[in-house]
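Derivation of every value follows stated rules applied to the coordinates shown; laboratory data play no part. Being a predicted model, the structure only gives us computed values, none of them experimental. Because the Cβ atoms are built from the backbone with ideal geometry, glycine has one as well, and the counts that use them run over all protein chains shown.
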Amino acid sequence: MSRHGGLWRDALHRLAANRLALASLAILVLMTAAASLGPLLLDYRQDEIDWAHMAAAPFSAEGHWLGTDRLGRDLLVRTLHGLRVSMGIALLATLVSLAIGVTWGAVAGYLRGRTDALMMRFVDVLYALPQVFFVIILTVVFGRSPATLLVAIGAFGWLTMARIVRGQALALREREFVDAAIVGGAGTARIVARHIIPNLLGPVIVYATLTVPQVILVESFLSFLGIGIQEPLASLGNLIADGATEMETATWMLVVPAGCLVLLVFCFNFLGDGLRDALDPRDH
Amino acid sequence: MALLEIRGLTVDFDGPRRVCAVDHVDLSVERESCLAIVGESGSGKSQLLLSCVGLLAANGHARGSVRFDGVELLGAGDPAARIRGRGIGFVFQDASGSLTPHRRIGEQLAEAGIAAGGITRHAAIAEAERMLTRVRLPQARRHLADYPHELSGGMRQRVAIAAALMPRPQILFADEPTTALDMTVQAEIIALLGDLSDELGMAMLLVTHDLGVVSGLADHIAVMYAGRILESAEASRFFAGPRHPYSAGLLAAVPSLDDPPGTELRCIAGTPPRSGTTLPGCRFEPRCERAQPRCRGEDPPFVSRGSAGIACHFPLYQDDR
Amino acid sequence: MLAYIARRLLGAIPTLAVIVTLSFAMTRLAPGGPFDEEQALPPEIRANLEVAYGLDQPVTVQFGRYLAGLLHGDFGPSYKFRDFTVTELISSGLPVSLAIGAAAILLAIAVGIPAGIFAALRQDRIADRVMMALAVAGISVPVFVIAPFLALVFGIWLHWLPVAGWAPGRPGDLVLPVVTLALPVIAYLARLTRGSLLEVMRAPWIRAARARGLPQHRILLVHALPAALLPVVSYLGPAVAAVLTGSLVVETIFGLPGMGRHLVQGALNRDYTLVMGMVIVYATMMIALNLAADLIYAWLDPRIRRERRP
């Protein structure tokens, strides 16, 4: 489909011209690499207690580049682990939301009529529910494991995706190539899979990129309060909570994970904005 | 002295390419007369109107001279602000885009009257009602409390005209006032504009691409193409015998009820030049059936004789009839 | 307009019903019971506890009794704070949370909207760029990062404001929490107002108003601003949700005796009834305030207000 090829190439050019988005992408790649490989390359393990250097400032104790927390655990390693956990949950939850949302929205938008109305009413009702509070209930009921968090957050994230996809599907359904496929004898499932979904890729990619930071924030929020990821497992949220209790005497314990989180969220947001501008240029 | 004198008006726009929308236009409008500017989309006619009253977009620049009743309207600091809504009234093409959606129309009319100066709110509302009646809006008093979306398209355009007339301007600028309306309503609005200009002793500068509108209203006609005036003439003389090949083409393109069925529509071959491109010779040359080598190399100057003018090396009817 | 109000009110009821049912269902259908965490509970005592709390009845009966209780404002007993009912815990915390939340929203409106207007009027000049950069920061940085930093800078380093606890009659205690809650909303409102105003100023009817000779300040105040504020009113619903969620963090960090802190405690203790009751209260507040925002929007937009007319 040469028309698609042209669309993607233009988008790529626009994205390449957006220095902020490129810088964000680069930083994200670096952070992913650091989170995945860093702990393997560093001397200390995340739960390893260095009795000699408790609450040490950055660069003051050998081997501890960013200092230690009050239990003597290396802050850099813990932060990288926290990054791993936060990014991991965010990506997986986003994938779950994507899978449910895209399917739901595509089917609703394609089928239209009463099925569509019913499906979207369901979305509307769920949309009115306060996400964070229900996730809290779920953690109260099912325990505070990373798996619960993942399912709970993913269970609410698909709603907006479904709305967006359904809007696109409605518009696409009117286009000629769908009629051509129907005339050619293709069934509903095949049309949805082969024709509708590839055309939705643009908005879906943009929205997914913008969903990831939201999920990170929800998970961090809960971990901060102690309702999310539990000690001794590190998440950026609970690292920030620890840092907050020690901030008077050991400010780095707050600054390092907080800075990491903020940087992560900023980069995803800028990248998502850049993708949106690239795929749908409009002057703001 | 003419009420409105435009000399050498040029309008450029900044952007990825510099675009010249209006190129050294000379026009004049006498008191109580109606000048119609005819042209295709993209000929620059709307920008011409907007530049006179200082309503160009931020990236637009106007040069030259526009004198209204002796006062210069172009220059630094928005000198046209003094005549907007006073000496010059403006009617836009899209009436629903002319009225603020969240204010009642009575309020908007009264506002226009108060801004022009000196009357109380009470008097302004009374005048608004009178003006609505004057634009033939039935049950004017009831409609004062309406919001724009509660009226039909034709009624909204009448309201927009009424708002433009509140300060009793000496000239009414109308940018394609009937284009967005149904056929039947168009005829009514045209008749309305003609009657109003007679009743109020008002001049009109009308921009349109519709020759039917022109024939109903205009005393003088100027034909605009790619930012230039190609021909200007008194209306009856124009319709009797246009001198520029483009004008002739425009008139010939209008289908006649007397044509036998099956007659092909006559159109002018080709398309207007893209805005921003400049040609060394006559702009119309690529589409002109009478074009000669001289036309490609040399841009014909606009030559005026009395109330008529033409920019062509080889006009139809070289001599005056 | 009345028809619109009635429709929206009716629409809110199923949502409320779903919330109550879902909350209840989730807590009852979970594996294990609320007393599983208690160590060293002999089986007979546990059985007695369950009878006392009505947990031995079939689920539908429990649901019915819970609903009946709700109608009387009775959310049941707290499973962990044995001497208190949930209602008591909620009502002790509600005034504090409401006060902080309302103050935060009012502050956000009072600061955010004028800031956005100011930025729009100075579009692309230095003031605008600086304000929008700050706004991006305010939107992206989460409340639980802002709160400790503000506490650190203003409380610990500068000693200007207290950082924890709240005694009635010491309004200074509330400054940091309210400001922290308000900041993300201020940032969003500023950006939203600016964008909306700039877009409205480009509308054709604004140009037409200028063509009618109206002075610029009148165009801005009477013609542009009301239209520009419509999207802002729409945002008030989500803004309230953001403030309510943020209050959980703010009350915890600053040690304020509000509902949010009780909810967090309840969640940490796995106190089913407390969590359930609080979620219902929070959700009801959100729905009610969302509804209010929608109604304000409908009232302001004459196209909706005057639905009857042809």
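The calculated pair-distance distribution of chain C uses every alpha carbon pair, bins of 10 angstrom beginning at 0, and gives 5, 21, 25, 22, 15, 7, 3, 1, 0 percent.
Comparing Cα centroids, the range A:131-147 and the range B:1-66 end up 67 angstrom apart.
So what are the range A:1-146's ellipsoid semi-axes, whole angstrom, largest first, if each one is the square root of 5 times an eigenvalue of the alpha-carbon gyration tensor?
Value: 42, 27, 11 Å, ordered largest first.
Note that the range C:186-197 has calculated 3J(HN,Hα) couplings of 4, 4, 5, 4, 4, 5, 5, 4, 4, x, 5, 5 Hz, one per residue in order, obtained from phi through the Karplus relation 6.51 cos²θ - 1.76 cosθ + 1.60 (θ = phi - 60°); glycine and proline are x.
Global size of the range A:69-192: 19.8, 70 Å for Rg and Dmax (C-alpha atoms, Rg to one decimal, Dmax whole).
Residue by residue through C:148-155, how many Cβ atoms from other chains fall within 10 Å of the Cβ on average?
Mean shielding by partner chains, rounded to a whole number: 3.
Considering all C-alpha pairs of the range C:116-256, those separated by over 28 Å amount to 35%. The mean number of Cβ atoms from other chains found within 10 Å of a Cβ in peptide B:146-155 is 2, as a whole number. Annotation: the range B:1-142 has a Kirkwood hydrodynamic radius of 17.2 angstrom, from the mean reciprocal C-alpha pair distance.
Across the range B:199-321, the convex hull enclosing all Cα atoms gives 142 Å³ per residue. Taken over the range B:169-253, the convex hull of the Cα atoms encloses 107 Å³ per residue.
Of all complete DSSP H helices in chain A, those with a Cα span along the helix axis of 15 Å or greater and a mean Kyte-Doolittle hydropathy of 1.0 or more are A:19-41, A:75-111, A:131-142, A:146-173, A:197-225, A:252-279. Only beta bridges with both residues in the protein assembly as shown are counted; by DSSP, about 60 percent of them are antiparallel. Using the Karplus relation 6.51 cos²θ - 1.76 cosθ + 1.60 with θ = phi - 60°, the per-residue 3J(HN,Hα) values for the range A:227-234 come to 9, x, 5, 9, 4, x, 4, 9 Hz, with x marking Gly and Pro. Between the alpha-carbon centres of the range A:13-89 and the range A:196-250 there is a gap of 15 Å. With semi-axes defined as the square roots of five times the eigenvalues of the C-alpha gyration tensor, the equivalent ellipsoid of chain B measures 35, 23, 18 Å, largest first.
The range B:126-172: D in µm²/s via Stokes-Einstein (Kirkwood Rh, Cα pairs, 4 °C, 1.567 mPa s)? Kindly include the intermediate steps, with their values, before the conclusion.
Working: Rh = 10.8 Å.
Calculated translational D: 120 µm²/s.
On the principal axes of its alpha-carbon atoms, the range A:7-283 has extents of 76, 47, 32 Å, going from largest to smallest. Binning at 20 angstrom from zero up to the longest distance, how are the C-alpha pair distances of the protein assembly as shown distributed in percent? Answer for the protein assembly as shown: a P(r) of 11, 33, 31, 18, 6, 0, 0 percent. Need the C-alpha centroid separation for the range B:262-277 versus the range C:184-239, integer Å. Between the Cα centre of the range B:262-277 and that of the range C:184-239, the gap is 42 Å. Shielding of peptide B:53-66 by partners, expressed as the average count of other chain Cβ atoms within 10 Å per residue Cβ, is 1. Relative intensity of the range A:21-98 on a log10 scale, I(q)/I(0) at q = 0.12, 0.20, 0.27 Å⁻¹, equals -0.41, -0.86, -1.16, per a Debye sum over C-alpha point scatterers of equal strength in the absence of solvent.
Stick to Cα atoms and the Kirkwood definition of Rh, then tell me Rg/Rh for the range C:69-135. Before the final figure, lay out the partial values.
Working: Rg = 21.5 Å, Rh = 15.5 Å.
Rg/Rh: 1.39.
With θ taken as phi - 60° and the Karplus curve 6.51 cos²θ - 1.76 cosθ + 1.60 applied, the whole-hertz 3J(HN,Hα) list for the range C:221-226 is 6, 9, 9, 8, 4, x Hz, x standing for glycine and proline.
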